[in-house]
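Data first, discussion second: the structure below is written as structure tokens.
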Amino acid sequence: MQVDIKDMPVRRLAAVRHIGPYNQISSAFGQLSAIAGPAGLFTPGAEMIALYHDDPQATPPAQLRSDAGVTVPNGVALPSGLVEQRVAAGKYACTLHVGPYESLPETWARMTREWLPASGQRRAAGASYELYLNNPMTTPKEKLETEVCIPVASK
């Protein structure tokens, strides 16, 4: 598994909160699209992100908090139904997942259970996230690209 340590920028999101199992966040993305599309937030350069706030090993699935979001510039007003979230700037361990979103849990498991313990890094405070690099409406499932990012600090 290729993992790179990157200094990632702060990102401002217009988001829909999801409470429940992380693998059910697609419903929040549906709500996001229904609001953000007509509001004109899907502009060139906008990034789609899933932000994960809780450790699924320590939090019951029904209580997991996540956000489906799209990046928006500072100063852009958010339409009703969307809330502002911030992805903190900082050092992240990132890997590229290529393939269907349904297989993302395997990539997360490898990063957290295999790579992280052997890396000399530890999980830092803050949310982890998925950055979707291509469009699932126009890209075959096997060619979808998702950057998986976990905040880290040296041990």
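The numbers here are math on the coordinates, done by the rules we state, and not lab data. The model shown is predicted, which means the values in this text are computed figures rather than measured ones. All Cβ positions, even for glycine, are placed from backbone atoms using ideal geometry, and neighbour counts span all protein chains on display.
Scan the range 76-101 for residues that are in a strand (DSSP E or B) and over 30 Å from residue 155 (Cβ atoms) and the total you get is 2. Return the residues of the range 102-155 that are of a type outside the set (Gly, Ala, Ser), assigned to a loop (DSSP other than H, G, I, E, B) and either more than 25 Å from residue 86 (Cα to Cα) or touching a helix residue (DSSP H, G or I) at 6+ places or on another chain (Cβ under 6 Å) (or both); say none if nothing qualifies. If the condition is that a residue be of a type outside the set (Gly, Ala, Ser), assigned to a loop (DSSP other than H, G, I, E, B) and either more than 25 Å from residue 86 (Cα to Cα) or touching a helix residue (DSSP H, G or I) at 6+ places or on another chain (Cβ under 6 Å) (or both), then 137, 138, 139, 140, 155 are the ones that fit.
Residue 105 falls short on exactly one of the conditions (1) over 17 Å from residue 47 (Cα atoms); (2) over 13 Å from the mean Cα position of the chain (by Cα), and that condition is (2). Might you let me know whether the range 47-59 holds any residue that is at positive phi and over 12 Å from the mean Cα position of the chain (by Cα)? No.
Report, by residue number, each residue of the range 117-133 that is within 18 Å of the chain's Cα centre (by Cα) and surrounded by fewer than 14 Cβ atoms within 10 Å (Cβ to Cβ). The answer is 125, and nothing else.
What do you reckon, is residue 107 in contact (Cβ under 8 Å) with a residue 40 or more places away in the chain and out of contact with any Leu (no Cβ under 8 Å at 6 or more places or on another chain)? In short, yes. Residue 73: part of a loop (DSSP other than H, G, I, E, B), loosely packed, with under 12 Cβ neighbours inside 10 Å and touching a residue at least 40 places away in the same chain (Cβ under 8 Å), yes or no? Considered against the rule, which asks whether it is part of a loop (DSSP other than H, G, I, E, B), loosely packed, with under 12 Cβ neighbours inside 10 Å and touching a residue at least 40 places away in the same chain (Cβ under 8 Å), residue 73 comes out as yes. Hey, among the residues in the range 20-35 that are surrounded by 13 or more Cβ atoms within 10 Å (Cβ to Cβ) and hydrophobic (A, V, I, L, M, F, W, C), which one's nearest to residue 115 (Cα to Cα)? Among those that are surrounded by 13 or more Cβ atoms within 10 Å (Cβ to Cβ) and hydrophobic (A, V, I, L, M, F, W, C), it is 25.
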